[in-house]
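One structure is given below, encoded as C-alpha cells.
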Amino acid sequence: MRTFDLKPVRVAIVGSASSGKTTLAEALAGRYREVWVPEYLREFVDLRGRVPVEADQLHIAETQAAREDLALARASRCLFCDTTPLMTAVYSRHYFGRIDPRLEALVALRRYDITLLCAPDIPWKPDGLQREPEDQSAAVNALLSEELVARAIAHVRIHGPLAQRLRQVEEVLGN
C-alpha cells in the first residue's frame, strides 16, 4: 500500500459484464475496511426498467464520476470503484459504434492510481436487463483491451475465484 500519499488510492475495477467487478469491489472494501462506489448503471436500469440508449451514456458516466468524487472524502487509504466512465465509453463504442465527444472528454479527465481488469473467467450469470448476453463478453473485452492500450492505462489482470483475486489485489496494493 502506498503510505506516503495523503490522498486515498483510487482503484478502478473494470471488465465485461459478469466478470466479478461488483463482488471484488465489495470484498475489497470489506477486507480493507474502506469505501467502494457501486456501479451506477445497475441503479439506472433498475429505476428506469430499461437498458440505456446512446443519449443516456454521458449521464451514466457523469453520475458514476460524481459518486466517486463524493466517496473519496470518506475513504482513508483506498477508494474501490466498481466500474468507471471508461466502461461506459467501451459500451458506447460496442453498442452505438462511437464514443460521444463529451463522454470521451470525461474519460480523458479521470485518473486512477490502479486499474484492475477482471477476467471473464467466472461463471456467467444472467442479471435481467442489467447484463448483456454472455456471447457479447468477448467483444466487450476486446474493445476494453484496445481502449486500455490506446489510452496507455497500466492495468493488472485479475483472474480466478474470489479468494485468488483478493490475493492478487493484495500483492498489487502491497499488503
Practice item. Check whether at least one residue in the stretch 93-100 is more than 11 Å from the chain's Cα centre (by Cα), of a type in the set (D, E) and not in a helix (DSSP H, G or I), and report yes or no. Key: yes
Practice item. Looking only at the stretch 51-62, decide whether some residue is more than 24 Å from L144 (Cβ to Cβ) and more than 15 Å from the chain's Cα centre (by Cα). Key: no
Check your understanding: Limited to the stretch 105-123, what total is found for residues that are surrounded by fewer than 17 Cβ atoms within 10 Å (Cβ to Cβ) and either of a type in the set (D, E, K, R) or on the phi > 0 side of the Ramachandran plot (or both)?
Key -> 3
Review point. Among the residues of the stretch 22-43, which ones are modelled with pLDDT under 95 and under 19 Å from D100 (Cβ atoms)?
Key: L41
Practice item. Give the residue that is surrounded by the most Cβ atoms within 10 Å (Cβ to Cβ), with candidates limited to residues of the stretch 61-90 that are without any contact (Cβ under 8 Å) to a residue 60 or more places away in the chain, over 12 Å from V107 (Cβ atoms) and not small (G, A, S). Key: E68
Check your understanding: Going by the structure shown, is D46 more than 24 Å from Q168 (Cα to Cα), out of contact with any Pro (no Cβ under 6 Å at 6 or more places or on another chain) and of a type outside the set (K, R)?
Key -> yes
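The values are calculated or read from the model by the stated rules, or taken from the named source; none is laboratory data. The structure displayed is predicted, hence computed values, not measured ones. Cβ sites come from the backbone with ideal geometry, for glycine too, and all protein chains shown count toward neighbours.
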